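A quick write-up on the structure given underneath.
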Amino acid sequence: MPGTAPSTLTVAVVGATGAVGRTMTQVLLEKRFPMTSLRLLASERSAGKSVAVPGWGDITVELATPDAFEGIDIALFSAGGGTSKELAPEAAGRGCTVIDNSSAWRMEPGIPLVVSQVNPDDLEAHEGIIANPNCSTMQLMPPMMALRDAVGIERMVVDTYQAVSGTGHKAIVELEEQVRAHAEGRPKVANVYPYPIGFNALPHIDVFLDNGYTKEEWKVVTESRKILHLPDLRVSCTAVRVPVFMSHSEAVHVETTAPITPDRARALFAAVPGVVVMDDPTNKVYPLAEQAAGSDLVFVGRVRQDPSIPDERGLAFWVVSDNLRKGAASNAVEIAEVLVERGWVASASRRGVGAGAGGRSGA
Ligand code: NAP
Ligand code: 3JN
């Protein structure tokens, strides 16, 4: 039975001074999220500093400690996996619903891993911690859901072209500096990445695993299976960092169970909320990273048959989305919106869905 949403909501952004945290605050304000109080949390490096928040005045950044979560209804975390591991259970134990943007909890059984328009029903059973997927997984899921539901999917091969903003503000500054250095004939100095990212393509995102894949690539494999409820889906991924500031692009090859034509796929994609099909190559219409930046939409184009798969069961397409918005902050806020709409802000046990009962926003 759904609980009742509190009439006054206190929301916290944890990691509020970072690239993702700042976007989370911006998206909360843009969407007019129904909060009556906004708290900004970070480490001791930023605690005590003041942040100007349009419409809310200057908000003082607080130190993220377990007790800081007393009285907070929803906390959007983007302060790294270590902070999430330590503080998310502390927050949840104090009645706060955590929407975590790190990889710390994504593959934990019982923790919902949710793309707002793909598997929102998975939120109902949450026990205080909800995981937001990796940005590369995120933008793939709405079109893949459409194919799964219409014709079934057997296999997916994804190659990513990822923007430097996925590494945070320091990587944006490094690319800018390397572009300047190139123009001025100076050497390009790499600090953030193992090699210069300027005028380069680095097939190395996150650490290498024993199986030869990077952790970023393996997140796409495992997270896709969990979100789509397809534990046996065959997936391979190559993740590449490219000298783009904003928006990740992906080349996707899918083997479907039943035949599908590109025309039908375009119609299926266009019917998914939050997906826009841009596919008129003769007029040079296809999704571009620069155009997607600042949008919460997922753009799909270059839809064509993959002739390497028989019986019209192969499809190739190109997916682009703003990695800091739909890929991180906007999906987290969309999850919070679903929780409020459905009265699921408190955990299932506090709502009385599980063994427990009672709770601040419980029925
Ligand atoms: P960033 O720009 O470096 O910001 C990190 C933020 O975390 C800052 O606000 C920092 O606060 C805070 N922080 C660091 N250690 C902390 C601690 N011990 N306690 C509290 N706050 C702490 O990084 P970002 O690019 O925003 O990314 C942040 C995290 O979001 C990543 O580590 C990752 O887990 C996640 N992320 C997810 C996606 C995705 O695909 N969904 C994409 C990018 C990032 P100070 O100002 O005090 O240092
Ligand atoms: O590199 C990108 O484009 C996305 C980066 C995501 C990221 C960066 C640092 C740590 C993550 C993530 O969300 O998977 C993490 C992490 O929490 O593992």
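A short reminder: the numbers here are calculations on the coordinates, not readings from a lab. Quick caveat, the model's predicted, so the values are computed rather than measured. Neighbour counts run over all protein chains shown; Cβ positions are idealised from the backbone, glycine included.
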Work out which trypsin sites (Lys or Arg not before Pro) in the chain are exposed loop sites (DSSP not H, G, I, E or B, at most 16 other Cβ within 10 Å) and give the longest gap free of them. 50-283
Between D58 and H169, what is the label-point separation in nm under the 7 Å Cα-to-beta-carbon projection? 1.7 nm
Run the numbers for S50 and T238: contour at 0.36 nm per residue of separation, minus the present Cα-Cα distance, in nm. 63.6 nm
Given contacts defined as C-alpha pairs under 8 Å and at least six residues apart, what's the relative contact order of the chain, whole-number percent? 21 percent
Comparing N119, N134, N101 in a Gaussian network model of the chain (Cα, 10 Å), the one with the largest mean-square fluctuation is N119
Residue separation between A251 and Y195 times 0.36 nm, minus their alpha-carbon distance, gives in nm 17.8 nm
Efficiency by 1/(1 + (r/R0)^6): what FRET value for S37 and A267, r their Cβ-Cβ distance, R0 = 35 Å, to the nearest 0.05? 0.20
Along the Cα-to-Cβ line of L209, 7 Å from the Cα, sits a label point; which residues in the stretch 88-104 have backbone N less than 18 Å from it? 102-104
Residue by residue through the stretch 36-53, what is 3J(HN,Hα) from phi via Karplus (6.51 cos²θ - 1.76 cosθ + 1.60, θ = phi - 60°)? Round to whole Hz and write x for glycine and proline. 9, 8, 10, 10, 10, 10, 7, 8, 5, 5, 10, 4, x, 6, 9, 10, 7, 10
Listing D100, D121 from the residue with the fewest other Cβ atoms within 10 Å to the one with the most, what is the order? D121, D100
At 7 Å along Cα-to-Cβ for each site, give me the label-to-label distance between E341 and E184 in nm. 5.0 nm
If you add up the charges near A289, with Lys and Arg at +1 and Asp and Glu at -1, over every other residue whose beta carbon is less than 12 angstrom from its beta carbon, what do you get? -3
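Distance check, please: which entries in K188/K215; K85/K170; K188/K284 exceed 31 angstrom between their Cα atoms?
K188/K284
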Neighbour net charge for I111 - beta-carbon separation under 9 angstrom, K R +1, D E -1: -2
Long-range amide H partners of C237, meaning residues 5 or more apart or on another chain whose placed amide H is closer than 5 Å, are V158
Please give the calculated 222 nm ellipticity per residue for the chain, where each DSSP H segment of at least 4 residues contributes -39500 (n - 2.57) and the sum is spread over every residue; nearest 500 deg cm²/dmol? -8500 deg cm²/dmol
How big, on average over all directions, is the shadow cast by the Cα convex hull of the stretch 1-137, in nm²? 8.4 nm²
Likely footprinting exposure, C237, C135, fewest C-beta neighbours within 10 Å first: C237, C135
Exposure proxy check: M24, M107 ranked by fewest other beta carbons within 10 Å? M107, M24
Separation of alpha-carbon centers, the stretch 273-331 and the stretch 22-82, rounded to whole Å: 32 Å
List the aspartates and glutamates whose alpha-carbon lies under 13 Å from that of K326, not counting same-chain residues fewer than 8 positions away? D296, E334
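In the chain, once you exclude exposed GluC sites (Glu not before Pro) (DSSP loop, at most 13 other Cβ within 10 angstrom), what's the longest stretch remaining?
My reading of the result: 185-363 is the longest stretch.
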Along the stretch 341-353, Karplus-curve 3J(HN,Hα) (6.51, -1.76, 1.60; θ = phi - 60°) to the nearest Hz, with x for Gly and Pro, reads 4, 9, x, 10, 5, 7, 5, 4, 5, 6, 7, x, 6
